[in-house]
Amino acid sequence: MDRSGLADFLRRRREQLTPADVGLPPGVRRRTPGLRRDEVALLAGMSTDYYTRLEQSRGPRPSTQVLASLARALRFSSDERDHLYHLCDHAAPGGDLGDKHVGPGLLHVLAKLDDTAATVITDLGEVLVQNRMHTLLLGDLGNRRGMQRYYAWRWFTEPRSRSMFPEDDWDRLSRNHVADLRATAARRSGDADVTEYVRKLRSASAEFERLWNEHEVAVRVADTKRILHPQVGLIDTICETLLTPNAAQRLLVYWPRPGTDAADKLDLLRVIGTQTLVSTDDIHG
């Protein structure tokens, strides 16, 4: 591991970013250029002390999970992300379709949608990053690990994940999950991560197995979502899906359904959200 190289790389990239680049308020009386160490630590979900030790060439070798968080926090390109891994003597993630690195352009768009709920997910439905409004609307998924980060897995294996949606919508949403995953499985035929994910779902959920055998296929581009929010009640939204060029990642954007009171309720949520965040136990995107 090149500790001095890592420290220099992190410090120089931190100094090149401004709070506006990462969706943070500018603050007052900034004594140094770029972001502060505590701001990078906040964005990466780690302690300031841990991040400071990395910039001081101290501490243990970071895990790949930590490096992925740092790459997102510092808005690294794919080449910069790979360099970060190499400095820490880790193999860089390979393969575009399995790549979970969210590029700086997509992160910039996400940060600019400060009044609109939005999140970036993989083509298998794994949550990679959320903006503040998405967290307020559907809960903080940043602390979830493993299969718990996948929408369909929670939907079919955790009954509580459906509590934020009217029961009348459950069958439609279940079919949407399966049909979309069918399309991904066909597009990525033979990919190990897709095959294993489908196998686990078929084994864990009789409902998923039944719907999978019906062989419905549909790439989810836009969908209506009625969300039963514990603080502001029923919110009627439209969820628009924007794909990256290789379709490996998706930007989901939730906006008020015209002709409903959803806009007023989202405005209210934006205000009260600074006081109380939604629980993460019963969430689905």
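The values are calculated or read from the model by the stated rules, or taken from the named source; none is laboratory data. What you are looking at is a predicted structure, and each value in this text was computed from that prediction instead of being measured. All Cβ positions, even for glycine, are placed from backbone atoms using ideal geometry, and neighbour counts span all protein chains on display.
Here are the numbers:
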read-out: Scan of segment 206-223 for residues that are within 22 Å of Ala247 (Cα to Cα) and either loosely packed, with under 12 Cβ neighbours inside 10 Å or not assigned by TED's automatic domain parsing to the domain that holds Pro159 (or both), ordered by number; value: His215, Ala222
read-out: Condition met for Thr224 (within 27 Å of Leu137 (Cα to Cα), among the hydroxyl-bearing types (Ser, Thr, Tyr), in contact with a Ser or Thr (Cβ under 9 Å, 6 or more places away or on another chain) and at pLDDT below 95); value: yes
read-out: Those residues of segment 232-275 which are of a type in the set (Gly, Ala, Ser), in contact (Cβ under 8 Å) with a residue 40 or more places away in the chain and closer than 20 Å to Gly139 by Cβ, in sequence order; value: Gly273
read-out: Residue that is farthest from the chain's Cα centre (by Cα), among those in segment 129-157 that are in contact (Cβ under 8 Å) with a residue 60 or more places away in the chain and within 20 Å of Val198 (Cβ to Cβ); value: Trp155
read-out: Enumeration of residues in segment 254-274 that are within 22 Å of Arg144 (Cα to Cα) and modelled with pLDDT under 95; value: Gly273, Thr274
read-out: Filter pass, Phe165 being more than 21 Å from Gln65 (Cα to Cα), out of contact with any strand residue (DSSP E or B) (no Cβ under 6 Å at 6 or more places or on another chain), not in a helix (DSSP H, G or I) and not assigned by TED's automatic domain parsing to the domain that holds Ser57; value: yes
read-out: Top-ranked residue in segment 16-60 [being surrounded by 13 or more Cβ atoms within 10 Å (Cβ to Cβ), charged (D, E, K, R) and at pLDDT 85 or above; ranked as nearest to Pro104 (Cα to Cα)]; value: Glu39
read-out: Filter pass, Ala71 being crowded, with 17+ Cβ neighbours inside 10 Å and in the same structural domain as Leu266 (by TED's automatic domain parsing); value: no
